[in-house]
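Peer 1: Structure incoming, see below.
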Amino acid sequence: MRAWRLERFHFIPEKFQYKVKCDNVNRNSVDKGAEKQLNIIKSLIDRPDVDGIISATDFDREGQVIGDELFLYFNEKKPVFRMLLNEWTAEEVKKGISSLKPNEQMKSLQDAGIGRQWADWIIGINLTSVATLRYNFNDKKTLNIGRVLLPTLKIIYDRDKEIETFQSSTYYKLVANFKTKDNEEFEGVYYENDNEKFDDKETPENIVKLLEDKDAEIIEKQVDKKKDYPPLLFNLSNLQGYVTSKYKGWTSDKVLKVAQSLYEKKFITYPRTGSVALEESLKDKTKKVLDTLKKGLAYEDQIKFVDNKRIFDNSKVESHSAIVPTYMKPTGLNGDEAIVYTAIKNRFIMQFLPVAEYEETKLVSKVNEAAVKGVFVSKGKVQTILGWRVVEKMDSKDTILPMVLEKEIVYVVDSKVNAVTKKPPKLHTEKTLLRIMETCGKNFKDEEDEQDKEDTEEMMTSILSGFSIGTPATRAETIKKLKDVGYIKAKGKSLTCTDLGKTIVEIFPCKQLLDLEYTGRLEKTLSDIEKGKFKKEDFLNMIKEFTITAVNSIKNDTSVLSTFKVELPEGMESIGKCPTCGNDIVEGEKSFGCTNWKNGCKFTVWKNDKYIQSFGKKVSRAMVELLLKNGKVGFRNLRSKKGTTFAAYFKYVLNERTGYYNWEIEFIK
């Protein structure tokens with residue numbers, strides 16, 4: 001297609017063809033570097049002493065397609081074998097070479113990759129082009145529309161709206177300080193009927209007066225011993241979330257690039273994974289890595305290899321195991337690489353340290369005053385076994401309670417009423433955004449703790465089912481693109497929509513593409529293709545039908561024009577309202593047109609309209625006024641081509657295919 005014109009869309013090729021990419025400066029010539037590299041690969045394959053080819057690209061959907069596209073482009077006839085690796089250490093490469101698979105066995109993975117590629121191209125080229133032509137009013141900016149881009153934008157938009165429409169509310173709490181016989185103090189919150197919130201301030205203030213110089217009895221003491229397991233091994237999204245939330249200036253895209261560098265240097269396993277567990281076949285290798293990495297650590301004697309389902313579980317592995325270090329100890333890491341490697345190494349080591357334990361204590365105190373109906377509840381937490389937390393020591397924010405017994409008497413030191421104002425939700429960060437993309441928002445808890453919260457079984461099932469927005473390999477790129485095209489912006493670690501991003505969400509008529517459920521189902525279908533459960537052809541037919549419908553809805557969408565209210569130019573008189581956007585129609589030198597023309601409104605009635613003239617009539621101001629008022633205008637004594645006369649109504653009707661208006665005749669009998 002040589003030019004973007006609205007009437008040329010939809011555009012769906014009957015056959016997809018591949019060529020060498022264009023030069024970035026001169027789009028009419030090929031990229032010389034890419035062409036040179038292709039020729040090198042081709043010359044190696046064509047050597048007479050080469051009787052077969054090993055494809056050693058990444059073992060995932062996109063890696064499979066990279067190799068297969070080359071063989072298709074070269075029309076390669078020599079046998080192709082697939083080497084499947086999870087890391088690039090010498091031992092793993094030798095193992096991969098000894099267990100090659102015929103590339104034909106990877107057909108389902110190839111179909112998923114091709115299906116994803118073609119689907120994104122069809123949706124992207126059509127909807128980006130049509131949306132740009134339809135909605136790009138005042139400049140030449142391309143409006144990027146994509147299968148993963150828009151639902152991700154919608155996630156951020158929805159959070160912005162939550163904050164914008166948030167209604168603040170205030171309640172009151174009564175807090176008292178108590179002192180033991182040993183002069184140790186602790187705090188308690190007043191509960192009445194299992195509720196600590198007061199709608200008014202007067203009620204708790206009246207209770208404060210009753211507490212002066214009173215003592216209280218510990219009527220209940222409850223101590224629970226609890227285990228605190230380490231966070232699961234990293235998948236890519238969790239790694240990106242951890243690093244971006246802990247360190248300033250980091251983005252998920254940067255984390256992926258650094259992790260890729262560590263992978264290529266053989267220091268970590270394959271990073272683009274959604275799994276948080278290891279394959280059960282990796283137990284011996286894991287023990288070897290652990291024995292290497294624990295040497296010299298201050299807590300080396302506490303590290304013991306364990307075999308449990310939190311670490312080794314085939315049911316929690318999809319294609320690739322979790323990200324872990326290899327047996328190669330890194331040297332010469334730069335600052336960024338050290339940050340990412342240390343995070344991965346520490347998370348790995350944590351799995352083989354003792355489980356942390358703590359005691360959770362609850363005290364219930366009853367003030368010796370009959371008019372005080374409720375009780376005071378105090379909660380505290382004491383770490384008893386540090387366990388895996390020794391790896392990343394953190395300042396404790398836990399409340400420690402004094403040692404008291406049931407029925408012991410304590411004394412009210414003072415009390416006060418605190419006003420608590422409900423806060424709006426926080427802006428999304430890359431960490432929270434990645435988690436919603438990973439799970440399509442299912443079982444999502446908006447938390448920014450220093451340690452990742454335990455993933456629930458439901459959440460892991462959602463991740464492994466493929467029901468997600470994008471893949472581990474593409475999510476960081478999606479967030480980066482949203483920034484690059486000006487749809488979102490970063491405020492420190494927080495993300496928010498720009499005005500352009502908000503406008504896209506609000507005007508875009510194809511609401512399916514903004515829907516997490518719909519996009520999640522598409523990603524799930526690609527996952528099913530990969531597993532041989534769904535046909536690529538059926539998936540692409542779905543995509544084509546969706547695209548045709550979406551293109552038509554954008555082309556026919558006039559609602560956005562009504563959002564632009566244009567002031568009537570000075571010295572001009574309105575002869576009616578535009579049927580498209582509601583702005584004023586004015587008379588010009590050659591036509592009657594809409595004052596909203598700069599924003600894309602195409603309503604125009606030409607004074608020398610050839611169609612009207614063919615019936616022996618002229619376009620006049622009075623005619624256009626009637627047309628705008630009644631939706632049609634009547635003529636008598638119209639001349640046909642045969643010379644006969646007749647009467648008819650003329651209607652000016654929007655052509656949904658072109659976006660322009662055409663005349664229609666309704667004969668008067």
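Here, each number is a calculation from the coordinates, and none is a lab measurement. Model, not experiment: these values are computed from the prediction. A quick note on method: Cβ atoms are made from the backbone with ideal geometry, for glycine too, and the neighbour counts reach across all protein chains shown.
Peer 1: Can you work out the Karplus-derived ³J(HN,Hα) for every residue in segment 642-652? Use 6.51 cos²θ - 1.76 cosθ + 1.60 with θ = phi - 60°, whole Hz, and x for glycine or proline.
Peer 2: Ordered by residue, 3J(HN,Hα) equals 7, x, 7, 10, 7, 10, 7, 9, 10, 10, 9 Hz.
Peer 1: Take the cross-link list K78/K257; K246/K309; K265/K431 and give me the ones stretching past 30 Å between alpha-carbons.
Peer 2: K78/K257
Peer 1: Ok, one more. Could you derive backbone 3J(HN,Hα) for segment 522-531 from the dihedral phi with the Karplus parameters 6.51, -1.76 and 1.60 (θ = phi - 60°), listing whole Hz in sequence and x where the residue is Gly or Pro?
Peer 2: Once θ is set to phi - 60°, the couplings for segment 522-531 become 4, 5, 5, 5, 4, 5, 5, 4, 4, 8 Hz.
Peer 1: With the crude spin-label approximation of a point 7 Å out along Cα→Cβ, what separation in nm comes out for T57 versus A338?
Peer 2: Computed distance between label sites T57 and A338 equals 3.7 nm.
Peer 1: From the cross-link list K226/K345; K94/K266; K201/K422, which pairs have alpha carbons spaced over 18 Å apart?
Peer 2: The answer is K226/K345.
Peer 1: Taking the beta-carbon count within 10 Å as an exposure proxy, list T331, T57 from fewest neighbours to most. Intermediate results must be reported in sequence, preceding the final value.
Peer 2: Details: T331 7, T57 16.
The order, fewest Cβ neighbours first, is T331, T57.
Peer 1: Rounded to the nearest 0.05, what FRET efficiency is calculated for S620 and R27 with R0 set to 51 Å and r the Cβ-Cβ distance?
Peer 2: Efficiency for this residue pair is about 0.55.
Peer 1: Next up: Using θ = phi - 60° and the Karplus curve 6.51 cos²θ - 1.76 cosθ + 1.60, what whole-Hz ³J(HN,Hα) does each residue of segment 378-384 get, with Gly and Pro shown as x?
Peer 2: Ordered by residue, 3J(HN,Hα) equals 10, 10, x, 9, 10, 6, 9 Hz.
Peer 1: Which distance in Å, rounded to a whole number, links the C-alpha centroids of segment 604-669 and segment 502-549?
Peer 2: Segment 604-669 and segment 502-549 have Cα centres separated by 43 Å.
Peer 1: With Cα extents along the principal axes in Å defined as stated, name the option among (1) 90, 66, 50; (2) 97, 53, 51; (3) 114, 89, 41 computed from the structure displayed.
Peer 2: Given (1) 90, 66, 50; (2) 97, 53, 51; (3) 114, 89, 41, the structure-derived one carries the label (3).
Peer 1: To the nearest 20 debye, what charge dipole does segment 315-368 have about its Cα centre, counting +1 at the Cβ of each Lys and Arg and -1 at the Cβ of each Asp and Glu?
Peer 2: Computed charge dipole of segment 315-368: roughly 120 debye.
Peer 1: Just want to confirm a number: the relative contact order over the chain, from Cα pairs under 8 angstrom separated by 6+ residues, in percent.
Peer 2: It rounds to 16 percent for the chain.
Peer 1: Kindly provide the helix-only [θ] at 222 nm of the chain, computed as the sum of -39,500 (n - 2.57) over DSSP H runs of four or more divided by all residues, to the nearest 500 deg cm²/dmol?
Peer 2: The helix-only estimate for the chain comes to -10500 deg cm²/dmol at 222 nm.
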